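A short worksheet on the structure shown next.
The values are calculated or read from the model by the stated rules, or taken from the named source; none is laboratory data. Please read these numbers as outputs of a predicted model, since none were measured by experiment. Cβ placement follows ideal geometry from the backbone for every residue including glycine, while neighbour counts extend to all protein chains displayed. These area figures cover heavy atoms from the full protein model, side chains too; ligands, DNA and RNA do not enter into them. Shrake-Rupley method; radii C 1.70, N 1.55, O 1.52, S 1.80 Å.
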Amino acid sequence: MMKAERLEAGSGTSKVPTRVGSNKGISVMDLVLRIVGVVGTLGSSIAMGTTEQTLPFFTRFVRFNAQYDDFPSFRLFVIVNAIVCGYFVLTIPLSIVHIMRSAARGSRILLVILDTVMLGLLTAGASTATSIVYLAHNGNNSANWLPVCQQFNDFCQRASGSLIGSYGGIVVFLLLILLAAIALSRQRKHSL
């Protein structure tokens with residue numbers, strides 16, 4: 001009778017056993033997401049870094065050329081995606097360690113902090129490139145900037161496509177941070 005009253009009042013703690021080994025599935029998902037992040041950010045960096053289009057003018061000697069490095073925002077985008085891709089590659093061994101040792105707590109906390117920093121960096125790089133792609137597609141009537149994507153269609157399509165992998169990397173970071181929080185909360189319940 002006492003136990004029932006205590007549980008109904010909410011003063012008791014749940015004695016549901018939470019195994020530390022249940023974090024193994026989260027650790028495997030962490031590894032898979034990091035590999036997806038490598039593919040997305042590497043693809044974005046390569047796609048933007050190789051974006052170029054040349055248009056002939058009146059003669060074959062006078063041409064208009066558009067390259068990614070003509071825009072500082074696109075250069076930042078390529079550098080940020082390369083840094084984040086390298087970070088993903090460097091953290092894959094730590095993710096494998098988490099599969100083998102599900103109880104690792106300090107390294108998970110470190111990964112959450114570093115993942116958050118990289119999330120901010122990747123968001124900054126993707127947003128700067130997105131603003132330039134938007135201007136290239138739509139222009140700005142107030143500043144008398146004409147949309148250039150009517151002439152440089154291939155360049156704009158490739159630049160727009162490279163943003164997909166970067167925004168995919170942002171989603172991956174959000175999921176990684178969420179998974180790490182779940183894993184850490186499961187470890188906390190187990191230690192209580």
Per the 1/(1 + (r/R0)^6) rule, R0 = 35 Å and r from the Cβ atoms of Val32 and His137, FRET efficiency to 0.05 is 0.55
What figure in square angstrom, to the nearest 10, would you give for the accessible area of Arg105 with a 1.4 Å probe? 100
Over region 24-170, what is the relative contact order in percent, taking alpha-carbon pairs closer than 8 angstrom and at least six residues apart? 36
Over region 126-192, average the accessible area per residue using a 1.4 Å probe and give it in Å², no decimals. 59
In debye to the nearest 20, the charge dipole size for region 59-192, taken about the Cα centre with +1 at each Lys and Arg Cβ and -1 at each Asp and Glu Cβ, equals 580
According to a simple spin-label model (label point 7 Å from Cα along Cα-to-Cβ), what is the distance in nm between Gln67 and Ser185? 5.0
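Compute the relative contact order of region 101-192 as a whole-number percentage, counting only Cα pairs closer than 8 Å that sit 6 or more residues apart in sequence.
Working: 53 pairs, mean separation 36.3, N = 92.
Taking the mean separation of contacting Cα pairs over the length of region 101-192, I get 39 percent.
Return the Rg/Rh ratio of region 63-192 with Cα-based radii and a Kirkwood Rh.
Working: Rg = 19.6 Å, Rh = 16.9 Å.
A ratio of 1.15.
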